[in-house]
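Novice: Sending over a structure as structure tokens; questions will come in a sec.
The values are calculated or read from the model by the stated rules, or taken from the named source; none is laboratory data. Computed from a predicted model, the values in this text were never measured in an experiment. Positions of Cβ are backbone-derived with ideal geometry, glycine not excepted, and every protein chain shown enters the neighbour counts.
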Amino acid sequence: MMAANPDFQSNSDALHDLARLAQSGDQEALSRLLRHPDIMRLILTMARHRVGTADADDVYQEVCLRIALKLHTWQETGKLTNWIRRMTVNCCYKILQQQTQEREKQQGWKTLVEVLQEDSPQMARIQ
């Protein structure tokens, strides 16, 4: 059995402390929590793996907004990082779903134009 890493445990405790302070309305604690290197690394790493580098910053901003708006729902009985992981995954799914819908919409327009071109020679000349 591996021994627990004391640095990780103390860092986890520090994150929980920041979260508790932020829950009580401490704006500085919320800012420090959102800019904490471990939180940034967690969100950005997960986002890059799921949606790619181009959209990772968007996921980070969305997760930070959600943390700020929903921190009051986090319960100390659960790990803060697990709560943030779930939020990050949900944001990634949302972005992937939006991208899929946009591709389908673009494909639908492309198909519509092709059908119109087949039905109307004048439409083909417009292109």
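Novice: Go over the candidates Gln106, Gln27, Gln75 one by one and state the one that is loosely packed, with under 14 Cβ neighbours inside 10 Å, of a type outside the set (Lys, Arg) and modelled with pLDDT of 95 or more.
Specialist: Gln27
Novice: Contact list please: Cβ distance under 9 Å, first residue in the stretch 89-100 and of a type in the set (Phe, Trp, Tyr), second residue in a helix (DSSP H, G or I) and surrounded by 15 or more Cβ atoms within 10 Å (Cβ to Cβ), pairs at least six apart or on different chains.
Specialist: Within 9 Å, the pairs are Tyr93/Arg50.
Novice: Here are the criteria: (1) over 30 Å from Ser12 (Cβ atoms); (2) modelled with pLDDT of 85 or more. Tell me which single one Ile126 does not satisfy.
Specialist: Every listed condition holds for Ile126 apart from (2).
Novice: Pick from Ala68, Ala47: which is touching an Asp or Glu at 6+ places or on another chain (Cβ under 8 Å), closer than 28 Å to Gln98 by Cα, surrounded by 10 or more Cβ atoms within 10 Å (Cβ to Cβ) and not basic (Lys, Arg)? If you could, list the steps in order and put the result at the bottom.
Specialist: Details: Ala68 fails: touching an Asp or Glu at 6+ places or on another chain (Cβ under 8 Å).
Answer to the check: Ala47.
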